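Engineer: I am attaching a structure below and will ask some questions about it afterwards.
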């Protein structure tokens, strides 16, 4: 049997992003870089360059996911690279065995795994960094770590909860710290490495997709004034539609409506992708939060509650603007259709009047032709009778018994009738010839 050319690729797609085991204590630095929907060849070449610099083994060919170990076993940095539709993530993880023994947990954040990567290589990463987070995972009880949160977050208000039904805990302040990255702390009590790895990935996904979803919010605020201007102009045009008097006014309003439609379509083209992506990212955030299986901790706001109160209004604003833009386009289309109908009716009325005028002119032309036919017959009769009179007078001079005056008077009516019939016959033949040519 012939195999489909995509069979192997589609079958391997479910294995392209395997979940990794996580062994606390450890720290993960993940950055998300906006790259756009461009070819990932540049990033793959850059990853090969990093592997060469840090003596790491790297596959000759790989797709949109790569997992490699950088450096020696004693100071090994684990890198997971993933290519998404419009962004890429680089997750660097490293064991952090002495984190709990430091006088301050904040000290662990001073040497994140990203610091082990050459700065000259980091500067070559294409795109713009949107998300950067340091996540510290420790083997300890939630109560022990919660008492030391000020060492990491200072006076910032923390958000957190028990995770995986209370078998772990996680806290963050959603602030950018002096290193330009946000911070998160995870306390693992009884989770196995596989469950801990999935928990860390979900927490990182929440932060990444939250920021990706929020990219639509400034755009929604920016286009709102222009959207209001178009709506106001449309209302004015709609009011003027009911009071227009002439076809010129209708065409002028139709041109203005066409201009409004072009502006609305331009807004839709600039925002459709971003708003659609925001809805998808927001759904991913909600799904990841539901998978965290949060348990309320006294005095702390849960991550899910925080997102619902902070991210939710922004997403509802984007949805409202998108719906408003779609409704505006529909209103413009209805107004244009209504005005087009009025213009067509006005044109039909003008055409009807023109046809009636042409009919009246045709009738007048027929009457004029009949009058001309009569006059033509009289003129022809006059000349023919004159010629006949000359012949009759010549016969009288020749001695023939002819009375020219009497004969002319008798023949005149017959000549007139013959001339009239001849003119009508000629007109009928000409008219028939025109119809045949048409």
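The values are calculated or read from the model by the stated rules, or taken from the named source; none is laboratory data. In this text the structure is predicted, and so the values were computed from the model without any measurement. Here Cβ is always computed from backbone atoms with ideal geometry, including for glycine, and neighbour counts include all displayed protein chains.
Engineer: Could you check the stretch 282-293 and list, in sequence order, the residues that are in a helix (DSSP H, G or I) and either surrounded by fewer than 21 Cβ atoms within 10 Å (Cβ to Cβ) or not assigned by TED's automatic domain parsing to the domain that holds residue 311 (or both)?
Structural biologist: 283, 284, 286, 287, 290, 291, listed by residue number.
Engineer: Which helices (runs of 4 or more DSSP H) does the stretch 83-167 wholly contain that include 1 or more residues that are surrounded by fewer than 21 Cβ atoms within 10 Å (Cβ to Cβ) and touching a residue at least 60 places away in the same chain (Cβ under 8 Å)?
Structural biologist: Filter on the stretch 83-167 gives 119-122, 142-146.
Engineer: If you don't mind, there's one more thing I want to ask. Which of the residues spanning the stretch 168-177 are touching a helix residue (DSSP H, G or I) at 6+ places or on another chain (Cβ under 7 Å) and either in a loop (DSSP other than H, G, I, E, B) or surrounded by fewer than 20 Cβ atoms within 10 Å (Cβ to Cβ) (or both)?
Structural biologist: Within the stretch 168-177, just 173 meets the criteria.
Engineer: Checking residue 64 against (1) modelled with pLDDT under 85; (2) in contact with a strand residue (DSSP E or B) (Cβ under 9 Å, 6 or more places away or on another chain): exactly one of these is not met. Which one?
Structural biologist: (1)
Engineer: Taking into account only those residues within the stretch 294-309 that are in contact (Cβ under 8 Å) with a residue 12 or more places away in the chain and under 12 Å from residue 210 (Cα atoms), which is surrounded by the most Cβ atoms within 10 Å (Cβ to Cβ)?
Structural biologist: Going through the qualifying residues, I end up with 303.
Engineer: Taking residue 350 and the conditions (1) under 30 Å from residue 267 (Cβ atoms); (2) in contact (Cβ under 8 Å) with a residue 60 or more places away in the chain, which numbered condition does it fall short on, given that it satisfies the others?
Structural biologist: With (1) under 30 Å from residue 267 (Cβ atoms); (2) in contact (Cβ under 8 Å) with a residue 60 or more places away in the chain applied to residue 350, the lone miss is (1).
Engineer: Return yes when residue 208 is under 30 Å from residue 270 (Cα atoms), buried (at least 23 other Cβ atoms within 10 Å of the Cβ) and not assigned by TED's automatic domain parsing to the domain that holds residue 285 and no when it is not. Outline the logic, then answer.
Structural biologist: On the way: under 30 Å from residue 270 (Cα atoms): yes; buried (at least 23 other Cβ atoms within 10 Å of the Cβ): yes; not assigned by TED's automatic domain parsing to the domain that holds residue 285: yes.
In short, yes.
Engineer: Does the stretch 9-23 contain any residue that is exposed (fewer than 11 other Cβ atoms within 10 Å of the Cβ), modelled with pLDDT of 85 or more and not in a strand (DSSP E or B)?
Structural biologist: No.
Each row is one residue, and each column tells you yes or no for (1) at pLDDT 80 or above; (2) at negative phi; (3) in a helix (DSSP H, G or I).
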residue: 377; (1), (2), (3): no, yes, yes
residue: 386; (1), (2), (3): yes, yes, yes
residue: 396; (1), (2), (3): no, yes, yes
residue: 402; (1), (2), (3): no, yes, no
residue: 420; (1), (2), (3): no, yes, yes
residue: 423; (1), (2), (3): no, yes, yes
residue: 434; (1), (2), (3): no, yes, yes
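Engineer: Of (1) crowded, with 18+ Cβ neighbours inside 10 Å; (2) not assigned by TED's automatic domain parsing to the domain that holds residue 322, residue 180 satisfies all except one. Which?
Structural biologist: Against the list (1) crowded, with 18+ Cβ neighbours inside 10 Å; (2) not assigned by TED's automatic domain parsing to the domain that holds residue 322, residue 180 comes up short only on (1).
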